[in-house]
């Protein structure tokens, strides 16, 4: 997955 | 979302709320480093650039807004509030921001997952967060005394990052492709920075003496 989608952390 | 990350976010939330309430109720910011607070406001500002472009979840957006609002209001209190600013010890809080901001910016330009503005800013915010506590630790060593709330503030900040490390370990084992070296290394460096503070904090708490950091 592109790194953007895994920016789910604060 | 896993329990480690939720606990980490709640601990992080507690740290900023505790600090904001302290400053608001006793109208004093004695012992608090404005430099660290400004660095944290910058960390959140560069970390949450995507707050209006990428919607992750309501929880995510609300927490981002709370962190942004609380960190900027702490800076506002310490700089503008006519009573609070008088208790700010600017002669002792002399750590120069640029000594931390420039290296983090340079490092983020070379080490990042994608060379885009947002990604470099996000990486910069990770590196900066790792070192943002330094002015506060330097101030604690200079003033040598630490009132309980400042100790609790630094303690909660360290605990939040330690919980995040557990979260990364958990996600590494439960989610395929979940590998983020940059996040992990900067988070580890940050937690290690707190480790020595923890050691002295626990000792002073156990022996019930005022915290004395090594000179």
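What follows draws every value from the coordinates through simple rules; no lab data is involved. Every value quoted in this text rests on a predicted model; they were computed, and no experiment measured them. Cβ sites come from the backbone with ideal geometry, for glycine too, and all protein chains shown count toward neighbours.
Using the basic label-point model (7 angstrom from Cα toward the beta carbon), what is the residue B:99 to residue B:76 distance in nanometres?
3.1 nm
Given axes a ≥ b ≥ c from the Cα gyration tensor, I'd like to know whether region B:73-215 is rounded (a/c under 1.5), prolate (a/b larger than b/c) or oblate.
oblate
Subtract the Cα-Cα distance of residue B:49 and residue B:210 from 0.36 nm times their separation in residues, and report this length gain in nm to one decimal.
53.9 nm
Give me the inter-chain shielding for B:50-60: mean count of other chain Cβ atoms within 10 Å, whole number please.
For peptide B:50-60, the averaged partner shielding equals 2.
Going by alpha carbons, how many degrees (0 to 90, nearest 10) lie between the helix axis of B:34-47 and the longest principal axis of chain B?
With rounding to tens, the tilt is 10 degrees.
Can you tell which of B:203, B:167, B:60 shows the greatest fluctuation in a Gaussian network model of chain B with Cα springs below 10 Å?
B:60
Which of rounded, prolate or oblate describes region B:1-96 when judged by the alpha-carbon gyration tensor and an a/c cut-off of 1.5?
prolate
Helix B:134-143 sits at what angle to the longest principal axis of chain B, using alpha carbons and giving 0 to 90 degrees rounded to 10?
Helix B:134-143 and the main axis of chain B meet at about 10 degrees.
Measure nothing but the geometry: give the 0 to 90° angle between the long axis through the Cα atoms of B:98-110 and the longest principal axis through the Cα atoms of chain B, rounded to 10°.
In chain B, helix B:98-110 runs at an angle near 10 degrees to the longest axis.
How high is the relative contact order of region B:1-141, given as a whole-number percent (alpha carbon pairs under 8 Å, six or more residues apart)?
Relative contact order for region B:1-141 comes out at 36 percent.
Would you tell me the mean number of C-beta atoms belonging to other protein chains that fall within 10 Å of each C-beta in B:3-9, as a whole number?
Counting Cβ atoms of other protein chains within 10 Å of each residue's Cβ and averaging gives 1.
Averaging sequence separations of C-alpha pairs under 8 Å and six or more residues apart, then dividing by the length of region B:123-215, give the relative contact order as a whole percent.
Result for region B:123-215 is 45 percent.
Principal axis extents for region B:147-215, Cα atoms only, whole Å, descending order, please.
Computed over the Cα atoms, the extents are 47, 21, 17 Å.
Specify the residue with the greatest mean-square fluctuation among B:81, B:180, B:97, computed from a Gaussian network of chain B linking alpha-carbon atoms under 10 Å apart.
Ranking B:81, B:180, B:97 by mean-square fluctuation puts B:180 first.
For residue B:18 and residue B:83, FRET efficiency with R0 = 22 Å and r from the beta-carbon atoms, rounded to 0.05?
After rounding, the FRET efficiency stands at 0.65.
Over the protein assembly as shown, one equal point on each Cα, no solvent: what is log10 I(q)/I(0) by the Debye formula at q = 0.12, 0.13 Å⁻¹?
-0.66, -0.77
Please give the peptides B:196-202, B:86-92 ranked by average Cβ packing (other Cβ atoms within 10 Å per residue), highest first, as a rough proxy for protection.
B:196-202, B:86-92
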